[in-house]
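What follows is a set of notes on a single structure, which appears directly below.
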Amino acid sequence: ADFREARATRLHCQRRLSVLTECSVCIRPPAPMSLVDTASGLAGACACTYTGLPFDIAKVRIQSGQYQYAGVIDCLYKVGEKEGVRGWWRGLMPALSSSMAENMTGVTVQRAIRRQLSPHAPDARLPVTTELAAGALTGFCTSIVMNPFEVIKTRIQMSNLAEAERPSLFGALHSVARSEGVNGLFRGLTALWARDIPFNAFFFGTYETLTTVMLRKSGLASRDDLPSYKICLAGGLAGVVGWTCVLPFDVVKTRLQASVGPQGRTDISGAIMQIVQREGVAGLYRGWTAAVCRAFPANAAMFLAVETSQRILRQMLNDKDHVR
């Protein structure tokens, strides 16, 4: 009897140990996904900036109203003719800094929100209103972080100074802060909020919806399984939808940050009314072709870099856990 009792106790302890082991695996703290998101946002920022900067320069110059161009191609041709091919990447450092601030913050915040809402299925389809709300909150956060870099980028891209005479990124930041105060670095923030909150709502909402539909149609469980061309298609279309919806606010933001008006107005409604009075409704869509020409390849490259780097980093973390 003592032997049977001891054997039963041993088996019971073994079962408890097995249960505890399984539970420890289940409740193990998740991999530092926020760091993975931030790193993948950095990769996406680099891909987005280098791919789309020439079209961004064309968009800014057309929107400003200070230059006369027949269109995107004419703008790029004249910039290249006058400033050389390097002119197409004028303001690279501010643009890259702005994109890094935007995408590192944006990807981290948006993915963190989705994990909180769906902790056990990060690729699960959420209601459209939830996706839009998550994107809008992301846009609020990214605007604050990127606005100083947007001010500097816009002014450098508008400048006619030779390359040797242009200030460095930090020199330009210091110059604006010294001459206009800290408020100068946040010039146009309200317009940026008006642009980026709805932009990110439509941008991330469109991307998440398209990739979810693609997963469902293909019978796949994770975005990791989607082929690269589908990621690029979803990312590019998300960029086009987002920019088309918010371009009027981008025109206002560009003019406020470039300090060319409208006549010093800093309120969005007043700026919009003055643009419409002077240029008609079409003035609010200045640079649409350039914005779309930039949006598709730049955001396709961005999401491809984000998803690919996340896949690689997650695999590296999982391999490291297995070695332990």
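The values are calculated or read from the model by the stated rules, or taken from the named source; none is laboratory data. Treat the numbers as computed from the prediction; the structure is a model and nothing was measured. Reconstructed Cβ throughout: ideal geometry from the backbone, glycine too, with neighbour counts over all protein chains shown. Surface areas here come from the heavy atoms of the whole protein model, side chains and all, with no ligands, DNA or RNA. Shrake-Rupley method; radii C 1.70, N 1.55, O 1.52, S 1.80 Å.
What the table below lists for this structure:
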| read-out | value |
| --- | --- |
| Positions within the range 112-137 being basic (Lys, Arg) and in contact with a Ser or Thr (Cβ under 8 Å, 6 or more places away or on another chain), in sequence order | ARG125 |
| Total residues in the range 41-71, condition closer than 11 Å to ASN299 by Cα and either among the polar types (S, T, N, Q) or in contact with a strand residue (DSSP E or B) (Cβ under 8 Å, 6 or more places away or on another chain) (or both) | 2 |
| Any hit, the range 266-277, residues being modelled with pLDDT of 85 or more, open to solvent by 70 Å² or more (accessible area, probe 1.4 Å), farther than 26 Å from GLU131 by Cβ and over 16 Å from the mean Cα position of the chain (by Cα) | yes |
| Residue list for the range 137-176, filter: at pLDDT below 75, open to solvent by less than 50 Å² (accessible area, probe 1.4 Å) and of a type in the set (Gly, Ala, Ser) | SER159 |
| Residue list for the range 67-96, restricted to those being surrounded by 14 or more Cβ atoms within 10 Å (Cβ to Cβ), under 23 Å from LEU169 (Cβ atoms) and modelled with pLDDT under 85 | VAL79, GLU83, GLY87, TRP88, TRP89, ARG90, GLY91, LEU92, MET93, PRO94, ALA95 |
